[in-house]
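These notes concern the structure reproduced below.
The values are calculated or read from the model by the stated rules, or taken from the named source; none is laboratory data. In this text the structure is predicted, and so the values were computed from the model without any measurement. Note that each Cβ is placed from the backbone with ideal geometry, even for glycine, and that neighbours are counted across all protein chains shown. These area figures cover heavy atoms from the full protein model, side chains too; ligands, DNA and RNA do not enter into them. Shrake-Rupley method; radii C 1.70, N 1.55, O 1.52, S 1.80 Å.
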Amino acid sequence: MRQPVTTSQTYTDRRDAGRRLAGLLSERDWVEPVVLGLARGGVPVAAEVAAGLGAPLEVAVARKIGAPGHPEFGIGAVTAHGPATFDERSVRALGLGPAELEEACERERAEAQRRVDLYLRGREPERAEGRDVLLVDDGLATGVTATAALRALRADGPRRLVLATPVCAAEAVAGLRAEADEVVCALRPEGFRAVGQWYDDFGQTTDEEVLELLAKGA
């Protein structure tokens with residue numbers, strides 16, 4: 001596989017990022033691959049990856065848990081089922097305990113379930129057991145939501161579990177190597193502050209877009 005790009009280039013939008021990420025991933029041999037986009041912004045990227053690999057497109061949902069009073073500061077994440085995942089260093093630094101986080105966990109778990117129900121619309125998702133599963137996001141800053149999604153996917157028994165993203169913070173990759181069998185990151189720029197700075201167009205992905213992409217690619 002080609003080495004990840006390390007320059008300060010940017011992507012036009014998520015579809016452009018997905019096509020370029022697909023170029024890296026298509027050089028590999030995959031066993032019955034299934035591609036999951038981490039909702040919502042990861043789905044347009046994943047759609048291009050799935051098309052490039054000739055694989056079905058699915059969706060994964062994980063919700064960030066924000067610090068009390070500062071919801072933008074993610075200290076954990078949760079999926080529709082299973083325990084929450086926390087950045088233990090942040091939780092300790094804030095002096096938080098289970099009681100302070102329980103309400104946020106339940107709220108975000110309910111929202112994750114709502115989105116799963118919305119996106120699947122009663123159908124059964126693609127089987128993951130025994131297959132190569134690629135979880136795709138539009139970028140990796142802290143890795144907390146990706147960690148929650150990876151742990152949920154691991155429970156499904158994939159043959160190989162890969163996290164793939166167009167751009168990431170180097171320190172986030174290091175932490176996720178314990179969760180995924182491989183982390184593929186196309187761009188690891190110096191001076192990383194936020195995912196959006198590496199996109200010319202980083203507009204919000206809507207539920208309607210996710211549903212449209214799933215209908216085309218699943």
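The figures follow:
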quantity	calculated
Search result, residues across region 23-47 that are assigned to a helix (DSSP H, G or I) and either surrounded by fewer than 24 Cβ atoms within 10 Å (Cβ to Cβ) or in contact with a Leu (Cβ under 7 Å, 6 or more places away or on another chain) (or both)	Gly23, Leu24, Leu25, Val43, Pro44, Val45, Ala46, Ala47
Residues (free of Cβ contacts under 8 Å to residues at least 40 places away in the same chain and on the phi < 0 side of the Ramachandran plot) located in region 128-150	Glu129, Leu150
Residue list for region 48-59, restricted to those being of a type outside the set (A, V, I, L, M, F, W, C), closer than 23 Å to Thr206 by Cβ and either in a helix (DSSP H, G or I) or out of contact with any Leu (no Cβ under 6 Å at 6 or more places or on another chain) (or both)	Glu48, Pro56
Lone unmet requirement of (1) over 17 Å from Pro44 (Cα atoms); (2) acidic (Asp, Glu); (3) open to solvent by 10 Å² or more (accessible area, probe 1.4 Å) for Glu209	(1)
Residue check, Val173 in a helix (DSSP H, G or I), open to solvent by less than 20 Å² (accessible area, probe 1.4 Å) and not charged (D, E, K, R)	yes
Criterion: out of contact with any Pro (no Cβ under 7 Å at 6 or more places or on another chain) and either among the small types (Gly, Ala, Ser) or closer than 18 Å to Val61 by Cβ (or both) - qualifying residue of Arg121, Arg160	Arg121
Top-ranked residue of region 176-206 - restricted to ones that are within 19 Å of Arg20 (Cα to Cα), acidic (Asp, Glu) and in a loop (DSSP other than H, G, I, E, B), ranked as most open to solvent (accessible area, probe 1.4 Å)	Asp200
Test: residue in region 124-134 that is over 25 Å from Lys216 (Cα atoms), at pLDDT 95 or above and not basic (Lys, Arg)	no
From Gly143, Gly139, residue being closer than 16 Å to Gly37 by Cβ and under 11 Å from the mean Cα position of the chain (by Cα)	Gly139
